[in-house]
Amino acid sequence: MPITKGAKAVDINKRKIINGDDADVVQLYPMRHTFAWDAYMVGNSNHWLPTEISMQRDIEQWKSRDVLTDDERKAFETVLGFFTTADSIAANNVVLALYKHITSPECRMYLLRQGYEEAIHTHAYQYIVESLGMDEARIFNMYRNVEAIYNKDNLVLNLNEGIFDPMFKTGTFENDQKFLENLCVFSLILEGIFFYSSFAVMFGFQRQNKLTGSAEQIQYIMRDESQHLNFGINMINTIKKEQPELWTKEFERRIIELVKRAVVLEYTFATEVFPRGIFGMNAEGFKKYIEHIADRRLERVGLPPQYNVENPFPWMSEMIDLNKEKNFFETRVTEYKTGGTLDW
Ligand code: FE
């Protein structure tokens, strides 16, 4: 991308999420996609690190033979088995697939923040596994050994393969649709559906006053993830406006069909996590919950809901609302080094 000396100032009307004027990917201002900057600022003010949360009580509860049942232990481990690799898949998608093709500097700016947050999430799972003295190799390898996790990861990885190809380029109808499909799979399915039953499991523990340090880690993660999801949906809806020809009836049918496949995989995963159900949550409740959130994701990109079911876990939306209001700094000790205290 050679720079033309003395070229005219950037015309923000030419700025697009993909296929924009590629001479301006490094020039942040004037800005067009302000939602990306807003998300970047929110991300910064939500900054946190896993090591700030005390895991002491979780360690005692995990070691004790009387606090957790075998079913609860299995559910907790299986959920961690999904989490430990899922955020690495998300990070790869952000850095290796999306970033390169996005021509809006403000969107790239947020993607850099998002990539870092995915790393913090992977760190949080590693920190839980290490604190509780779990078998790290077994938990981190579950995505290959537990079929229900493997199937979820495989759906995302298979669909995203095309845009990971070093030869892939946007700019044709077919490839732009492929890119938009990746974004839908990544945002609506991986970040929007595949994480949520695992979040619900963790908050189920918290509601029983069990493993609350781990659940607090997950609260921070869910707060970040709801920003990732919003950002992804904003990008999808902006591409829809910038290149309306891509969003065909055929494309809509394909996205709905993929979401429905994801719902089945997520339901199968929940059955693996709760073969017998715990905390009043069972596979049937999870099926409804997954269908309920899948409908919400479809609606956000203007697609019709497919299931129309009541939310069986209304407390989950309370958790998300709480996230917005809760002062996260109350429960942790924050000592970020600022200018005056930097020690070189
Ligand atoms: Fe994410």
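The values are calculated or read from the model by the stated rules, or taken from the named source; none is laboratory data. All of these numbers come straight from a predicted model, not from anything done at the bench. Note that we place each Cβ from the backbone using ideal geometry, even for glycine, and neighbour counts take in every protein chain shown. Just the protein is used for accessible areas: all its heavy atoms, side chains included, with ligands, DNA and RNA removed. Shrake-Rupley method; radii C 1.70, N 1.55, O 1.52, S 1.80 Å.
Taking the 1.4 Å solvent-accessible surface of the chain as the whole, the part contributed by carbon and sulfur is 52%.
Ranked by the mean number of other Cβ atoms within 10 Å per residue, highest first, peptides 184-196, 295-307 order as 184-196, 295-307.
With distances taken between every two different alpha-carbon atoms, segment 1-100 has a Kirkwood hydrodynamic radius of 18.6 Å. Among 28-40, 225-237, the peptide with the highest mean count of other Cβ atoms within 10 Å heads the list, and the full ranking is 225-237, 28-40.
Of the three principal axes defined by the Cα atoms of segment 59-124, the extents in descending order read 55, 17, 11 Å.
In whole angstrom, segment 18-173 maps to an equivalent ellipsoid with semi-axes of 37, 21, 10, each derived as √(5λ) from the alpha carbon gyration tensor and ordered largest first.
Between Phe173 and Thr271, the FRET efficiency from the beta-carbon distance, with R0 = 51 Å, is close to 0.80. Peptides 101-113, 256-268, ordered by how many other C-beta atoms sit within 10 Å of their residues on average, highest first, read 101-113, 256-268.
The label-point distance for Glu136 and Lys260, in a model that sets each label 7 Å from Cα toward Cβ, rounds to 4.4 nm. Working note: Debye formula, equal point scatterers on the alpha-carbon atoms of segment 160-313, no solvent; log10 I(q)/I(0) at q = 0.18, 0.19 Å⁻¹ is -1.09, -1.17.
Taking the square roots of 5 times each eigenvalue of the Cα gyration tensor of segment 32-330, largest first, gives ellipsoid semi-axes of 32, 21, 18 Å.
Once the chain from Asn154 to Glu252 is taken as fully extended at 0.36 nm per residue, the excess over their C-alpha distance is 33.1 nm. Per residue, the chain exposes an accessible area of 46 Å² to a 1.4 Å probe, with every protein chain left in place.
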